[in-house]
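So the structure is just underneath, and the comments pick up after that.
The values are calculated or read from the model by the stated rules, or taken from the named source; none is laboratory data. Just so it is clear, the structure is predicted and the values come from calculations on it, not from any experiment. Here the Cβ is made from the backbone with ideal geometry for all residues, glycine too, and neighbour counts use every protein chain on show.
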Amino acid sequence: MVTTKAVVSDTGSRMLAGNPWFVGIVAWMVPGAGHLMQRRMLRGGLILGIFWAMFIVAVLSGGAHYPGFGFADGPLLYLLNVFGRLGSGLGALISWIAASTPAKDVAALATFEYGGRFLEVAGLINYLAAIDAVDIAVGRKR
């Protein structure tokens, strides 16, 4: 009876891992998780490590406080900035919380603008990783 529950539970998790919508949302929210739930451990671990390393470096260098481009600078630059930052999934929420309490003299850091770009690039990398996870779930890629 216990083994039956384990098989049913394993089958349920495999069904979720095969659902491209679920995989895409999970992969976007937690970078690398879409691959890990499909048992692509090496790829998922690399994505997880690279994304969070970039994200941590970006936040520590003041990137969460970098305002980026405003709408007055041009709608395309503004939308690219927002799109890149939202690509981080839960990282976008973490950076928003970090930016809600401004650090003293963060704009004086030499790495202030680089941190903002790191956040955007980490989000764009996560979009690519999420699409890759969905492609694996659909069967277009191994």
* Tell me which residues, restricted to the range 45-79, are in a helix (DSSP H, G or I) and touching a residue at least 40 places away in the same chain (Cβ under 8 Å). => 47, 50, 51, 54, 55, 57, 58, 59, 60, 63, 64, 65
* Test result for residue 42, in contact (Cβ under 8 Å) with a residue 12 or more places away in the chain and surrounded by fewer than 19 Cβ atoms within 10 Å (Cβ to Cβ) -> no
* To do: Would you point out which residue out of 122, 137, 92 is at pLDDT 85 or above and over 13 Å from the mean Cα position of the chain (by Cα)?
  => 137
* Got a number for residues in the range 50-89 being under 11 Å from the mean Cα position of the chain (by Cα) and of a type outside the set (Lys, Arg)? -> 10
* **Positions within the range 102-117 being part of a helix (DSSP H, G or I), surrounded by fewer than 21 Cβ atoms within 10 Å (Cβ to Cβ) and touching a residue at least 40 places away in the same chain (Cβ under 8 Å), in sequence order** => 106, 107, 112, 113, 114, 117
* Asked: Taking residue 36, is it in contact with a Lys or Arg (Cβ under 6 Å, 6 or more places away or on another chain) and hydrophobic (A, V, I, L, M, F, W, C)?
  -> no
* Output the residues belonging to the range 74-95 that are touching a helix residue (DSSP H, G or I) at 6+ places or on another chain (Cβ under 9 Å) and exposed (fewer than 12 other Cβ atoms within 10 Å of the Cβ). => none
